[in-house]
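The values are calculated or read from the model by the stated rules, or taken from the named source; none is laboratory data. Computed from a predicted structure; not experimentally measured. Cβ placement follows ideal geometry from the backbone for every residue including glycine, while neighbour counts extend to all protein chains displayed.
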Amino acid sequence: MARRVKSNALRDALLHPVRLEVLRRFELGGDQTIGDLAQALPSVPRPSLYRHVNTLLEAGALKVRGVRQGDRGAPERLYALSDATFTFAPKGKERTPDMLRRLYVAMVAAQTAEFEKGLLDGAFPAKYFHVRHSLVHVNDTELAELDTILRRLEELSRNPPKERTSLNLGIALFPVKRRRRR
């Protein structure tokens, strides 16, 4: 079940492109140590990974699952995603143009990083790559239906069967002003 982010600290922790990429690594690879993350994200220095993981841990996005032998022989913490997914829906005073911009840019940056990695890995079979940009016209009932579909996709992604293909899906819905037809 999606959890709305209410804490400014948690929201701010998640609004960083490297931390979003760290979370993506956990989504794709399951439980990991800092050493695992360092191999998956070679462009991020190990000390930075420690700081980002600690920030996510303190914010509640990650949890410590246990300890295992690291690649250097020393015990390392094994981290896992917390049991919640996060939906950003800033309201009231925190719903500023700057906050909405930061949220959108962080999402696009994380998706772009995943896209670039996929390009380098050659991971884009034609049947799985689709880019769509559409202007849709919905009423409140249809918007609620769309939200239900997206929540179902989130549920399916938590414990996917092995025969499923992992796809990156990023959706940003925002109103646009319609031009009047003459």
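Look at the range 107-134: where a residue is under 17 Å from R164 (Cα atoms) and a partner is in a loop (DSSP other than H, G, I, E, B) and at pLDDT 75 or above, sitting 6+ places away or on another chain with Cβ atoms under 7 Å, you get Y128/T165; Y128/L167.
Restricting attention to the range 68-85, the residues that are part of a strand (DSSP E or B) and either in contact (Cβ under 8 Å) with a residue 24 or more places away in the chain or among the acidic types (D, E) (or both) add up to 8.
All conditions but one from (1) under 27 Å from L28 (Cα atoms); (2) small (G, A, S); (3) not in a loop (DSSP other than H, G, I, E, B) apply to A144; the one that does not is (1).
If you go through the range 33-67 and keep only what is farther than 14 Å from A13 by Cα and part of a strand (DSSP E or B), you end up with K63, V64, R65, G66, V67.
Rundown of residues vs (1) at pLDDT 90 or above; (2) crowded, with 17+ Cβ neighbours inside 10 Å; (3) out of contact with any helix residue (DSSP H, G or I) (no Cβ under 7 Å at 6 or more places or on another chain), yes/no style:
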site: D12; (1), (2), (3): no, no, yes
site: H16; (1), (2), (3): no, yes, no
site: R24; (1), (2), (3): no, yes, no
site: R51; (1), (2), (3): yes, no, yes
site: A59; (1), (2), (3): no, yes, no
site: V67; (1), (2), (3): yes, no, yes
site: R72; (1), (2), (3): no, no, yes
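Starting from residues that are more than 29 Å from S82 (Cα to Cα) and aliphatic (A, V, I, L, M), keep the ones in the range 121-157 and report whichever is modelled with the lowest pLDDT. Residue satisfying both the conditions and the ranking: A126.
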